[in-house]
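Notes follow once the structure below has been shown.
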Amino acid sequence: MKPVSPLHFYFDFISPYGYFASLRINELAGRFDRVVEWHPMLLGVSVMKVMGLKPLLDTPLKGPYTSNDVRRYARLHGIKLTRPPGAAPMNPLTCGRVFAWAKQHHPELAVDLARVMLRAYWEEDADFSDPQSLAQLPFPIAASQGTAGRTTIDIASGSDIDWVQAAQSLEAAQLLRAEVDASLKAGVFGSPTVIVDGELFWGIDKFEQIEHWLETGGW
């Protein structure tokens, strides 16, 4: 039997659609006996530097539509969204760096760490621009299984890790840079992006296509 490849999930912590996708991707993959590899990417690099475009929410006409669409999606799926979609974003480097570091040193905690930071940012309006903010980890955040596929989060086993020092390390910066470079090489430009069997799917609206691909083996 041909071994199945993992799903590669790329997201930026400041992307609301990336957050929405993070609530669904593992459950979706699990239904087809696939695993997911999570990868941080930076919209500030792919969109602004590489493509030379404005941030989505700063784009005339499309920005207001997107803000409304984010709220509409959250209402449809019962997702708490305290942070206004149009608010100035935090600097995502701290989250990206500490997540990349966790993937390298504590892979068993990395995804839960990302989920905690994403949920705190979008549901509690936390700001992780300053690495010192990570001193509060682990957050006492938990959610029961719901329409968005959320599950209880528990990273208590990582409470003895110095997340602040990790985020400020040169190694963390280098690991994130490597992740971002790899994402660009793979053709990733937006959040969320999922690569399935070498096929790139961009956007939360492509999850239906991803599911169909997994069901049928592709087309």
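Overview of results
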| quantity | calculated |
| --- | --- |
| Of all residues making up region 22-45, the number that are farther than 20 Å from Leu93 by Cα and hydrophobic (A, V, I, L, M, F, W, C) | 7 |
| Where Val116 falls short, out of the listed (1) out of contact with any helix residue (DSSP H, G or I) (no Cβ under 8 Å at 6 or more places or on another chain); (2) assigned to a loop (DSSP other than H, G, I, E, B); (3) open to solvent by less than 80 Å² (accessible area, probe 1.4 Å) | (2) |
| Per-region count, region 29-40, residues touching a strand residue (DSSP E or B) at 6+ places or on another chain (Cβ under 8 Å) and more than 27 Å from Ala173 (Cβ to Cβ) | 3 |
| Residues of region 120-137 that turn out to be open to solvent by less than 10 Å² (accessible area, probe 1.4 Å), in contact (Cβ under 8 Å) with a residue 24 or more places away in the chain and under 17 Å from Arg83 (Cα atoms), as a count | 3 |
| Selection within region 178-197 - in contact with a Gly (Cβ under 9 Å, 6 or more places away or on another chain) and open to solvent by 70 Å² or more (accessible area, probe 1.4 Å) | none |
| Qualifying position, being farther than 22 Å from Leu175 by Cβ and of a type outside the set (S, T, N, Q), among Leu93, Leu57, Leu43 | Leu57 |
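The values are calculated or read from the model by the stated rules, or taken from the named source; none is laboratory data. The shown structure was predicted, so the numbers you read here are calculated from the model rather than taken from an experiment. Positions of Cβ are backbone-derived with ideal geometry, glycine not excepted, and every protein chain shown enters the neighbour counts. Remember, those area values only see protein heavy atoms, side chains included, never the ligands or the DNA or RNA. Shrake-Rupley method; radii C 1.70, N 1.55, O 1.52, S 1.80 Å.
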